[in-house]
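For reference, the structure discussed in these notes is given below.
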Amino acid sequence: MTALTKQILVAGIGNAFLQDDGFGGEVVRRLREQTLPDGVTLGDFGTGGLDLAYEVMRGYDALVLVDVSRQGGEPGTLYVMEAREEDVAAGIEDGAMVDPHGMDPETVLRFVRAVGGWPGKVLVIACEPASVEEVGMGLTPAVAATVDRAVDLVAETVGQLQSDAAYTS
């Protein structure tokens with residue numbers, strides 16, 4: 001019996017008009033220049049959180065979100081964090097308004113969990129930003145210098161997610 005190819009979605013998110021918030025999209029752009037294993041889907045979802053939620057619900061074994069995250073480190077620091085279904089709030093409250101263009105990763109995951117579309121494994125590869133408050137195109141130097149390392153880290157993570165061992169507790 002042959003093993004099924006793991007289906008993995010790598011999703012860049014963020015607003016390219018807010019400097020370092022464009023990190024996720026830039027990493028995905030660079031990943032498109034590489035040959036990736038079968039079963040890997042790349043998407044630059046920008047600020048289209050609802051589009052991302054719908055894509056996740058198509059059914060993936062794993063989701064890798066690439067974004068910026070303020071964790072208190074030096075700008076350009078990379079983080080790998082796992083989002084576990086039981087740690088994500090139960091869902092979208094009845095009657096709550098959802099802005100389809102302003103869904104942050106947590107809201108996307110709450111929505112996906114609420115509709116029963118949680119992928120098998122969710123990892124966030126994030127970069128400590130220097131600036132996401134000022135309107136401007138292009139990454140700051142510290143974050144731009146991290147993109148190649150992030151591309152390598154995503155590729156390595158995808159390689160690990162192709163193994164059944166990645167899904168055991």
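Subtract the Cα-Cα distance of M81 and R29 from 0.36 nm times their separation in residues, and report this length gain in nm to one decimal. Walk me through the numbers before you get to the answer.
Values: separation 52, 0.36 × 52 = 18.72 nm, distance 2.16 nm.
Going from the current span to full extension adds 16.6 nm.
Which one, Q34, Q19, Q71, has the greatest fluctuation when you compute a Gaussian network model over the chain with C-alpha springs under 10 angstrom?
Answer for the Gaussian network model of the chain: Q34.
What number comes out for the charge environment of G138, summing +1 per Lys or Arg and -1 per Asp or Glu over other residues with Cβ under 12 Å away?
Values: positive: none; negative: D20, D21, E26, E134.
Residues close to G138 contribute a combined charge of -4.
Tally Lys and Arg at +1 and Asp and Glu at -1 over the other residues with C-beta under 11 Å from the C-beta of G39: what net charge comes out?
Values: positive: K6; negative: D38, D61.
In short, -1.
Students often get this wrong: which residues of the stretch 5-20 have the backbone nitrogen under 16 Å from the point 7 angstrom along Cα-to-C-beta of S131?
15-20
How much accessible area per residue does the stretch 1-94 have, counting only protein heavy atoms and a probe of 1.4 Å, in square angstrom?
Details: 5040 Å² over 94 residues.
Per-residue value: 54 Å².
Rank A53, A11, A114 by mean-square fluctuation in a GNM of the chain with C-alpha springs under 10 angstrom and give only the top-ranked residue.
A114
So how exposed is D164, as accessible area in Å² (1.4 Å probe, rounded to 10)?
100
Which three semi-axes in whole Å describe the equivalent ellipsoid of the chain, each the square root of 5 times a Cα gyration tensor eigenvalue, listed largest first? Display every interim value, and only then the final one.
Numbers: eigenvalues 117, 90, 37 Å².
In descending order the semi-axes read 24, 21, 14 Å.
Each label point is 7 Å from the Cα along the Cα-to-Cβ direction; what then is the distance between the points at A165 and E74, in nm?
Going by the 7 Å Cα→Cβ label model, 3.2 nm.
Which percent of the accessible area of the chain is formed by carbon and sulfur heavy atoms (probe 1.4 angstrom)? Can you show the working numbers first?
Values: 4420 of 8910 Å².
Looking at the chain in its full context, I get 50 percent from C and S.
Rounded to the nearest 500, what is the chain's calculated 222 nm mean residue ellipticity when only DSSP H runs of at least 4 contribute -39500 (n - 2.57) each, over all residues? Walk me through the intermediate numbers first.
Working: 5 runs with 46 residues, N = 169.
After summing the helix terms and dividing by the residues of the chain, the value is -7500 deg cm²/dmol.
Which of these, E26, E86, E106, has the largest mean-square fluctuation under a Gaussian network model of the chain (Cα springs below 10 Å)?
Answer for the Gaussian network model of the chain: E86.
The values are calculated or read from the model by the stated rules, or taken from the named source; none is laboratory data. Keep in mind it's a predicted model, so treat the numbers as computed, not measured. A quick note on method: Cβ atoms are made from the backbone with ideal geometry, for glycine too, and the neighbour counts reach across all protein chains shown. Just so you know, the surface numbers come from the protein's heavy atoms only, side chains and all, with ligands and any DNA or RNA stripped out. Shrake-Rupley method; radii C 1.70, N 1.55, O 1.52, S 1.80 Å.
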